Each structure stands twice: as structure tokens, then as C-alpha cells.
Amino acid sequence: MSAEPMLQTSGLIAGYGNAPVLRGIDLTVPAGTITAVLGANGAGKTTLLRALSGLIRPTGGRIVFDGVELGGTPVEHLVRRGLVHVPQGRGVVEELTVEENLRLGGLWRRDRTDARRALAEVYDLFEPLARRRRHAGHQLSGGERQQLALGRALVARPRLLLLDEPSLGLAPRVTAEIMALLRQLRDDTGLTVLLVEQNVRSALSVADEGVVMALGRIVVATGPAELRDDEQLRHAYLGF
Ligand SMILES: Nc1ncnc2c1ncn2[C@@H]1O[C@H](COP(=O)(O)OP(=O)(O)OP(=O)(O)O)[C@@H](O)[C@H]1O
Ligand SMILES: [Mg+2]
């Protein structure tokens with residue numbers, strides 16, 4: 001793990017129109033770690049990921065990614081630098097085949113040879129996708145769609161992966177497989193992950209740090225065990 005954080009925000013403010021949703025986010029994500037972002041519906045988790053990945057423009061504060069301050073940097077530049085977002089609802093293109101969806105992940109890559117290698121690695125990682133490479137997106141199960149969304153992100157060779165609710169709608173076994181994969185990618189390749197989850201137990205089972213958001217602010221930032229074990233905190237913010 002390097003001493004330099006992969007991502008650091010200070011006083012980040014962003015929202016839609018004139019209404020701020022994020023009301024000053026100070027977040028540090030160490031390189032090579034998984035940070036879980038938890039919190040109730042509407043807390044601003046998705047908005048945070050959108051602001052980080054350049055989909056919405058912050059109106060205040062700073063974002064430093066991999067030592068460089070971002071400010072209106074186009075999404076494709078961020079992807080080339082390794083900041084890759086898997087949106088909530090996954091964004092699989094229904095009409096395209098598995099392979100075409102995966103190739104979209106390499107769209108901004110300049111190194112075509114490595115993009116092909118990355119595609120082969122994704123097929124090694126997700127055997128169902130290899131078998132169904134000519135199937136259309138709409139023919140896939142929920143678990144396969146999530147694999148496809150993750151696979152597409154991996155084709156882009158991320159250094160920081162922003163994941164928005166990967167467990168949504170998936171069976172517990174499939175969710176557990178995805179969490180195990182994130183752990184493996186962190187341990188084997190040093191991938192840094194910001195993992196937004198409603199499934200608190202699953203997220204905390206792989207996370208190195210946990211932050212809880214409420215009303216556009218980070219209200220708690222601590223270790224996963226502390227979050228799991230603090231009953232008051234769980235009742236107040238996590239609903240169990
Ligand atoms: N496109 C949009 N335009 C206007 N307001 C929005 C938009 N998307 C979200 N909001 C508002 O921003 C606030 C935070 O929403 P956000 O989607 O970031 O929450 P979340 O924590 O991801 O919630 P969930 O757990 O339901 O996914 C909510 O009040 C929501 O209504
Ligand atoms: Mg959300």
C-alpha cells in the first residue's frame with residue numbers, strides 16, 4: 001500500500017440544478033483498499049460517485065485523484081487515467097452482445113493490444129460471460145449482467161473502481177461471489193475500490209474502511225468491525 005491516497009476530497013459540494021446534495025464531503029481513500037460507502041436512501045451516495053467520475057460538476061471543494069486535482073476533467077480522460085464508474089442499475093446495453101458491451105469498456109484505451117488482453121482476462125474471470133459472448137444483454141440473468149458491468153469496467157484497466165450497489169437484486173450467493181472477486185482484485189492487483197452498498201453486511205465483509213453518509217454528509221468514518229459492533233450507530237444510520 002502506498003502512502004499517497006488514491007483519492008481525496010475536501011469540502012466537496014455537488015448536486016442537481018441549484019440544490020446541493022453533497023454538503024461538504026471530506027473523504028480519503030487509501031490506495032489498494034476497499035472503502036464501503038453506506039447510508040439510507042437519498043443520502044447522496046450515488047451523487048458522490050457521479051461527482052467523482054465527472055458525470056456532474058461539483059460546485060465547491062476539491063477532488064484529488066492519484067495526486068492530481070480534478071476540475072471539469074472530461075470523463076474519457078478520467079477513464080484513461082484509471083477512474084472507472086459502474087453505475088447503479090449497471091448500464092448494460094441490452095441490444096448489444098456480451099462481447100460488444102465488454103468492448104465498450106476499452107473504447108478510450110489507446111493500447112489496443114492490452115485492451116484485447118484485458119478482454120481475455122475478463123473471460124477467464126467470468127466463465128458465464130465467455131460462454132455467452134454472442135448473447136444480447138437482455139438475455140442475461142441479473143448476476144450475469146452484474147458480471148458484465150464489472151467486466152466492462154475491468155477492460156478499462158481501472159486503478160480506482162467506483163461501484164454503485166453491485167448487489168442490488170442479486171441472490172446472496174451471487175453477491176458473495178462479487179464481494180470475493182473484489183477482495184481478490186484488491187489483494188492480487190492492488191485495485192482501489194469505493195463500494196456503495198445498501199447490503200451493509202456484505203460490504204463490511206470485504207471493506208477495509210466504512211463511511212456512513214446522511215443528508216449529503218459523512219457522519220461516520222471508521223473500521224468495518226467498529227461499524228458492525230456499534231449497535232447505536234447501526235440503529236441510527238444503517239437500520240439494523
Ligand atoms: N437527477 C437528479 N435530479 C435531481 N435530484 C436528484 C437526482 N438524482 C438524485 N437526486 C436527489 O438527490 C438526493 C440524493 O440522491 P442519491 O441518488 O445520491 O442518493 P443515494 O444515497 O444514492 O440513494 P439510494 O440508496 O436510493 O440509491 C435525493 O434527494 C434525490 O432525490
Ligand atoms: Mg444510489
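The values are calculated or read from the model by the stated rules, or taken from the named source; none is laboratory data. Everything numeric in this text was worked out from a predicted model, so none of it was measured. All Cβ positions, even for glycine, are placed from backbone atoms using ideal geometry, and neighbour counts span all protein chains on display.
Six or more apart or on different chains, Cβ under 7 Å: which pairs go from a residue in the range 183-199 that's touching a residue at least 60 places away in the same chain (Cβ under 8 Å) and closer than 19 Å to Leu170 by Cβ to one that's of a type in the set (Lys, Arg) and within 16 Å of ligand 1 (Cβ to nearest atom)? Could you list them?
Filtered contacts from the range 183-199: Val196/Lys45.
Considering the range 26-60 alone, what residues qualify as being within 9 Å of ligand 1 (Cβ to nearest atom), under 22 Å from Gly223 (Cβ atoms) and β-branched (Val, Ile, Thr)?
Once the filter is applied, which keeps residues that are within 9 Å of ligand 1 (Cβ to nearest atom), under 22 Å from Gly223 (Cβ atoms) and β-branched (Val, Ile, Thr), the range 26-60 yields only Val37.
Check Gly143, Gly223, Gly190 and return the single one that is within 17 Å of Val84 (Cβ to Cβ), modelled with pLDDT of 90 or more and either in the same structural domain as Arg109 (by TED's automatic domain parsing) or away from ligand 1 (no atom under 15 Å from the Cβ) (or both). Quick ask: steps written out before the conclusion?
Details: Gly143 fails: within 17 Å of Val84 (Cβ to Cβ); Gly223 fails: within 17 Å of Val84 (Cβ to Cβ).
Only one candidate passes the filter, namely Gly190.
From Val86, Val75, Val68, grab the single residue that is closer than 23 Å to Val196 by Cα, of a type outside the set (Gly, Ala, Ser) and more than 16 Å from ligand 1 (Cβ to nearest atom).
On the way: Val86 fails: more than 16 Å from ligand 1 (Cβ to nearest atom); Val68 fails: closer than 23 Å to Val196 by Cα.
It is Val75.
Would you list the strands (runs of 3 or more DSSP E) that sit entirely within the range 158-233 and hold 2 or more residues that are more than 20 Å from Asn41 (Cα to Cα)?
Because the criterion is at least 2 residues that are more than 20 Å from Asn41 (Cα to Cα), the strands (runs of 3 or more DSSP E) in the range 158-233 that meet it are 160-164, 192-196.
Scan the range 33-41 and give yes if some residue there is surrounded by 22 or more Cβ atoms within 10 Å (Cβ to Cβ), part of a helix (DSSP H, G or I) and either assigned by TED's automatic domain parsing to the domain that holds Arg234 or within 16 Å of ligand 2 (Cβ to nearest atom) (or both), otherwise no.
no
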